[in-house]
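Since the structure comes first, as structure tokens, the remarks are kept for the end.
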Amino acid sequence: MHITLINAILAGATLATSIRAAGALRFHTLVRSYAASALFLGLFVAGLAFERNAPELYLLAATAIALKALIIPAVITRAADRAGMSMRLSSTLRPAPTYIVITVLITVVTAMALRSPFAAGADPEYLLLVAVAMVMIGLAMMVLRRDLLSQVMGFLVMENGIAAFSFAVIRDLPFLVELGILMTLTFGIVLMGTVSGRVRELYGTENTQALNELTD
């Protein structure tokens, strides 16, 4: 199978698993969907390294897979277990309406992206659409979800979209920059897991609406 086709399949799998994560209401399903999305994205970067003859991307792909597909999901799961987090997640919408909202957002935003100046310089062009779609999926998760860890997962999906955008438009993301982002995300997840546990202790729930009761 030609490497270009393989890369297209991997990009599609990255988007599909991100969409699956957006509709997941079970904690482990959400984490596994994100891990699968990160794995497919890392494999896609490795495919780009082969297609563009850019050996430096192999290290970035390996690091991203190790951190995003393995370490970060493990850290999130451990944080949730330590916080006694419910495996049933909170969302403003049920899965079916969530998928509808995301589909509408993706349709509108990708149509705008095709008319943007970035479309002319994107290589491959479909990666720009996948990147924009993932950013919108992450944003939708951050808005629609009511528990802290799910909102963090939405941010992680958005970060994957931004990384994909850089590979489509900028052609490369410096290794140290990406590594710095990943390490910041890892520490942020640990912090949010701690905060989630504290919210549960105080209010008996991870629902962020409870934070509306906080006053100066």
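The values are calculated or read from the model by the stated rules, or taken from the named source; none is laboratory data. Computed from a prediction, not measured in an experiment: that's the story for all the values here. Note that each Cβ is placed from the backbone with ideal geometry, even for glycine, and that neighbours are counted across all protein chains shown.
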(message) Please count how many residues of the range 105-122 are farther than 11 Å from Met136 by Cβ and in contact with a helix residue (DSSP H, G or I) (Cβ under 7 Å, 6 or more places away or on another chain).
(response) 4
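Given the condition among the small types (Gly, Ala, Ser), part of a strand (DSSP E or B) and more than 15 Å from the chain's Cα centre (by Cα), answer yes or no: does some residue in the range 72-93 qualify? Let's see the steps before the verdict.
Step one: list which residues in the range 72-93 are among the small types (Gly, Ala, Ser), which gives 74, 79-80, 83-84, 86, 90-91.
From what is left, the residues that are part of a strand (DSSP E or B) are 91.
Add one more test, that the residue is more than 15 Å from the chain's Cα centre (by Cα), and what stays is 91.
There is at least one residue in the range 72-93 that is among the small types (Gly, Ala, Ser), part of a strand (DSSP E or B) and more than 15 Å from the chain's Cα centre (by Cα).
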(message) Being modelled with pLDDT of 80 or more, surrounded by fewer than 23 Cβ atoms within 10 Å (Cβ to Cβ), under 29 Å from Ala62 (Cβ atoms) and of a type outside the set (Lys, Arg) is true for just one of Met141, Met158, Met192. Which residue is that?
(response) Met158
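Give me a count of the residues in the range 1-24 that are closer than 28 Å to Ala80 by Cβ and crowded, with 17+ Cβ neighbours inside 10 Å. Please lay out each step first, then the result.
The initial filter retains those residues of the range 1-24 that are closer than 28 Å to Ala80 by Cβ, namely 13-24.
Imposing the further condition that a residue be crowded, with 17+ Cβ neighbours inside 10 Å reduces the set to 13-15, 17-24.
Number satisfying all stated conditions: 11.
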(request) Determine which single condition Ile106 fails, assuming it passes every other condition in (1) surrounded by fewer than 16 Cβ atoms within 10 Å (Cβ to Cβ); (2) touching a residue at least 24 places away in the same chain (Cβ under 8 Å); (3) farther than 20 Å from Glu51 by Cα. (result) (1)
(message) Against the condition modelled with pLDDT under 90 and either part of a helix (DSSP H, G or I) or polar (S, T, N, Q) (or both), how does Leu128 come out, does it pass?
(response) yes
(message) Here is a check on your reading of the model: is Met87 touching a residue at least 40 places away in the same chain (Cβ under 8 Å) and surrounded by fewer than 18 Cβ atoms within 10 Å (Cβ to Cβ)?
(response) yes
(request) Could you please let me know if Leu57 is farther than 17 Å from Gln151 by Cβ and either buried (at least 19 other Cβ atoms within 10 Å of the Cβ) or in contact with a Gly (Cβ under 9 Å, 6 or more places away or on another chain) (or both)? (result) yes
